[in-house]
1. Amide H neighbours of residue 219 under 5 Å, counting only residues 5+ apart in sequence or on other chains, H built in-plane at 1.01 Å?
2. Report, by chain and number, residues whose modeled amide H sits under 5 Å from the one on residue 197, excluding near sequence neighbours (fewer than 5 apart, same chain).
3. Could you compute the net charge surrounding residue 139? Neighbours are other residues with a C-beta less than 11 Å from the C-beta of residue 139; K and R count +1, D and E count -1.
4. Which pairs, out of 189/217; 101/336; 189/299; 11/171; 101/178, put more than 32 Å between their alpha-carbon atoms?
5. Beta carbons within 10 angstrom, averaged per residue: use that to sort the peptides 117-124, 284-291, highest first.
6. Let's test the formula: R0 of 45 Å, r as the Cβ-Cβ distance of residue 31 and residue 159. What FRET efficiency results, to the nearest 0.05?
7. Taking 0.36 nm per residue of separation and subtracting the Cα-Cα distance, what length does fully extending residue 328 through residue 304 add?
8. What's the local net charge at residue 239, with K and R +1, D and E -1, over the other residues with C-beta under 13 Å away?
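None of the figures in this text is laboratory data; all of them are computed from the coordinates on show. Because the structure is a prediction, the values reported are computed rather than measured. With ideal geometry, Cβ positions are generated from the backbone for all residues, glycine too; neighbour counts draw on all protein chains shown.
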Amino acid sequence: MDFLFIEWLTKPVWLWLSFIGVVVVLLAFDLGVLHRKTREIEVRESLILSAVYIGLGVAYSGFVWWAFEDARAGAAPEAAATLLSGVEAAKLYLTGFVIEKSLAMDNVFVIAMIFTYFAVPRIYQHRVLFWGILGVIVLRAIMIGLGATLVSQFGWVLYIFAIFLILTGVKMWLTADKQYDVATSPVLKFIRRRFNVTDELHGEKFWVKQPDPKTGKLAWFMTPLFLALIMVEIVDLVFAVDSVPAIFAITTDPFIVYTSNIFAILGLRALYFALAALVHRFHYLKYALAVLLVFIGSKIFLADLLGFEGGKFPTNWSLGITFAILAAGIGWSLWKTRATAETPRST
């Protein structure tokens, strides 16, 4: 069992396996118990599940605190001085979790447009989101692993991430009122040209076998449900390009980066069903996210200019400012759209 204590990406293998075990249990409970049968998820159930996932994500900060404190206690005095304290690690985790959860909310709005475009009924949307989440977990692991390797080898990469975040935030602000147009996706056009695709849904099936109009022989056809899954994965890839640099601008610890990222995403399915009917109530959230990305990118430069200890922006300030920006965006959105509060839109 010695391999459990081998370090991988700066943390022992047992720590990574314990987190993966938590994720597997949650997904198995979700699919095997809560949603064993195909059914439509109501808003009330969605809100409860969202609260549970958020609660679990916040509670995991306690485990992060314990794990980092335990690592410091077991290290030599010289090495312990260079390690994050449990309190600092927990704060960084929570900051990352809040940022990733907020960016995921923007992702929810785009996913709602995808389901509307493909006319996917609510009863089948959970299936697409579940398999989409599995793809996200693997994709984020690869991107975070590559990011951690780059940052550890080339410290200046963080400045590239920072500039990218600032530019992305400015672009998000300027295009906040533009809606995502699924029909213009080059990937979707390519798939329709190169592969067999049915015009209608076939229940919850991703693929069906039916006669080819050209040859009359049986052939496999993609269904619109599978196209929706592909588009959801592509959208997440686009959002990951923003969110992964954002969390690395908060901390370069791979374990904190990955766990905060995945815990924020795990509740995405529940969050979707809670927010999809209320998309119009969060119109100004995108502006807040734009400001947040600019702030996160600017932190690295501000820390150098203002001479903060260790060249790092204070974690308490970072967490507080993040909450303030998001609270302002959500509060302003709800206030400005209060007249439509009693007439929520459906997907």
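1. It is 210, 212, by chain and number.
2. Excluding prolines and chain starts, which carry no amide H, the hits are 222.
3. Working: positive: 140; negative: 233, 236.
Spelling it out: positives minus negatives among the neighbours equals -1.
4. Values: 189/217 24 Å; 101/336 23 Å; 189/299 40 Å; 11/171 36 Å; 101/178 22 Å.
Flagged as over cut-off: 189/299; 11/171.
5. Top to bottom by mean Cβ count within 10 Å: 284-291, 117-124.
6. Efficiency computed from Cβ-Cβ geometry: 0.60.
7. Value of the extension gain: 5.9 nm.
8. Values: positive: 101, 140, 286; negative: 100, 106, 233, 236, 242.
The answer is -2.
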